[in-house]
Amino acid sequence: MARKEEVRAAAESVAGHPGPVLSAYLGVSAERPENQERAYLLRLREAMDDLGVPEDVQRQVRERLEPETHPGGRTLAVFAAEDGLLEIYRLNLDLPEGFRWGEPHTAPLLLALDAYEPYGAAVVDAERFRYFVVSPLESGETARGYREVDLSPQTPGPRGKADHDPMSRRSEANVHRYYNQLGELIREVTFREGVRRLILAGPKERTAELRKNLPEDVRERVVAEEHVDLGAPEGELLERLEAARMEAEHRRQRELLEEIQESGVRGLEPTLKALQEENRVHHLAVLWDLEGEVRWSDADGLAVTDITAEKSPFSGEPTRTKPLLDALLELAASRGARVDLVRDEENARLLREELGGVAGMPRF
């Protein structure tokens with residue numbers, strides 16, 4: 001948690017850096033076909049050329065990134081300027097790729113840090129217990145964003161046939177004591193690490209028994225049970241955990257969109273009004289690939305949907321064009337609204353066809 005706050009403070013410092021600044025959000029996940037043979041480096045070079053980024057700035061960015069054959073994280077947030085500024089943040093989440101040369105564009109990074117709900121994964125079988133915390137930030141101490149917490153229960157786990165011998169009351173008492181202790185241990189680390197959503201993993205009978213013995217305030221945070229073999233290679237285990245996390249995220253977004261359908265605001269104009277003028281949207285849902293532009297008033301910090309309005313209807317001050325997605329992210333950041341960028345096909349279809357591509361859940 002401390003690292004996240006340190007990054008947030010550094011990003012806020014970048015936001016106040018005098019421009020022009022290169023702000024680049026670069027998708028580098030090796031899982032995506034468009035990144036084969038490190039094609040993201042070519043996209044970055046072309047974008048910097050198109051934006052007219054000075055050669056010395058381009059060079060310092062290339063010299064930092066090109067030697068890295070396997071960059072950490074799924075998205076790199078890069079900020080660079082002619083005075084030597086070079087900040088690179090490695091995120092274990094996807095953000096829309098984009099490049100700017102001008103005022104620092106830190107809103108996507110700050111929103112990603114604030115909106116991310118920490119996940120935990122409690123993995124148990126007859127031999128051992130492991131607990132992982134999933135961070136939005138990549139570091140050399142994590143794999144795929146999964147950091148293992150160094151903590152073990154004092155009571156040895158149930159193992160062998162004794163687990164399932166109904167005639168052995170001593171064994172049953174040991175099993176019950178073991179899972180009670182695990183439950184308390186999981187509660188301790190869950191609250192200490194700020195975990196809001198918990199995955200249980202292991203053999204089916206283990207996760208079922210564990211869930212039954214969790215304290216109520218932890219059980220309500222369980223979002224998935226994944227049946228895995230702890231003897232599998234580490235990479236395979238983490239892949240299974242990540243698949244379970246992504247499925248839980250899909251369900252969470254679906255529930256948000258259904259809640260907005262029930263009692264939220266939908267469509268650009270109503271949502272924008274509720275967000276920026278009434279300040280009553282606390283959770284915003286936006287299409288990942290939302291296109292379009294608005295006019296933006298720097299004097300007011302407000303968006304104007306009339307693309308022909310060269311002066312702000314709020315103050316009469318001049319306006320400029322701004323990508324719609326950038327404007328929404330900036331407004332959300334300034335008003336403390338959480339943002340979900342909806343990408344997966346099923347949820348994106350619902351948001352596009354039923355909710356107008358932009359929608360929000362009001363505070364009241």
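The values are calculated or read from the model by the stated rules, or taken from the named source; none is laboratory data. Everything numeric in this text was worked out from a predicted model, so none of it was measured. Cβ sites come from the backbone with ideal geometry, for glycine too, and all protein chains shown count toward neighbours. Side chains are part of the model used for accessible areas, which takes the heavy atoms of the whole protein and leaves out ligands, DNA and RNA. Shrake-Rupley method; radii C 1.70, N 1.55, O 1.52, S 1.80 Å.
Could you give log10 I(q)/I(0) at q = 0.11 Å⁻¹ for segment 254-364, computed by the Debye formula over C-alpha point scatterers of equal weight, without solvent?
Debye intensities relative to I(0), on a log10 scale: -0.32.
Could you give the nm distance between label points at residue 352 and residue 243, where each point is 7 Å from its Cα heading toward the beta carbon?
2.7
Picking from 28, 11, 224, whose Cα lies most toward the positive end of the charge dipole for the chain (charges on Cβ: Lys, Arg +1; Asp, Glu -1)?
After comparing all options, I get 224.
What is the Cα coordinate range of segment 200-329 on the first, second and third principal axes, sorted by size from largest, in whole angstrom?
66, 31, 22
Shape verdict for segment 1-46, please, from the Cα gyration tensor: rounded (a/c under 1.5), prolate (a/b greater than b/c) or oblate.
oblate
How large, in Å, is segment 8-115 by the Kirkwood hydrodynamic radius built from its alpha-carbon pairs? Present the calculation step by step, with values, prior to reporting the outcome.
Numbers: mean 1/r = 0.0720 Å⁻¹.
One over the average 1/r among Cα pairs gives 13.9 Å for segment 8-115.
Antiparallel versus total DSSP beta bridges in the chain: what percent is that, nearest 5?
Numbers: 44 of 58 bridges.
Given both bridge residues lie in the chain, the antiparallel proportion sits at roughly 75 percent.
Mind listing the phi-derived Karplus ³J(HN,Hα) values for segment 59-70, rounded to whole Hz, using 6.51, -1.76 and 1.60 with θ = phi - 60°, and x for any glycine or proline?
Calculated HN-Hα couplings, in order: 5, 5, 5, 4, 5, 7, 8, 5, x, 7, 6, 9 Hz.
To the nearest 10 degrees, how steeply does helix 2-15 sit against the main Cα axis of the chain, on a 0 to 90 scale?
The two axes meet at around 0 degrees.
Report, in degrees rounded to the nearest 10, the 0 to 90 angle that the Cα long axis of helix 169-192 makes with the longest principal axis of the chain.
Tilt of helix 169-192: around 20 degrees.
Tell me whether segment 56-140 comes out rounded, prolate or oblate; compute the Cα gyration tensor, take square roots of the eigenvalues as a ≥ b ≥ c, and use a/c under 1.5 as the rounded threshold.
Here segment 56-140 falls in the prolate category.
Using only Cα atoms, find the angle between the long axis of helix 204-213 and the longest principal axis of the chain, and express it within 0 to 90 degrees, rounded to the nearest 10.
Tilt of helix 204-213: around 80 degrees.
Apply the Debye scattering formula to segment 261-306, with a single equal point scatterer on each alpha-carbon and no solvent, then give log10 I(q)/I(0) at q = 0.21 Å⁻¹.
Values, matching the q order: -0.82.
Would you mind computing Rg(Cα) / (2.2 N^0.38 Å) for segment 185-271, counting N as its residues?
1.37
Determine the shape class of segment 280-329: with a ≥ b ≥ c the square roots of the Cα gyration tensor eigenvalues, call it rounded for a/c under 1.5, and otherwise prolate if a/b is greater than b/c, oblate otherwise.
Oblate, since a/c reaches 1.5 and b/c is not below a/b.
Heavy-atom accessible area of residue 217 with all protein chains present, probe 1.4 Å, nearest 10 Å²?
50
Using Cα pairs under 8 angstrom and six or more residues apart, how large is the relative contact order of the chain, in percent?
14
According to a simple spin-label model (label point 7 Å from Cα along Cα-to-Cβ), what is the distance in nm between residue 184 and residue 306?
My value for the distance between the label points is 6.7 nm.
If the chain between residue 255 and residue 13 were fully stretched, how many nm would it gain, using 0.36 nm times the residue separation less the Cα-Cα distance? Each step should come with its number before you reach the end.
Values: separation 242, 0.36 × 242 = 87.12 nm, distance 3.52 nm.
Extra length from residue 255 to residue 13 when fully extended: 83.6 nm.
How many lysine pairs does the chain hold where the Cα atoms are under 30 Å apart and the two sit 8 or more places apart or on different chains?
7
In cubic angstrom, how much convex hull volume per residue do the alpha carbon atoms of the chain span?
Per residue, the Cα convex hull of the chain comes to 152 Å³.
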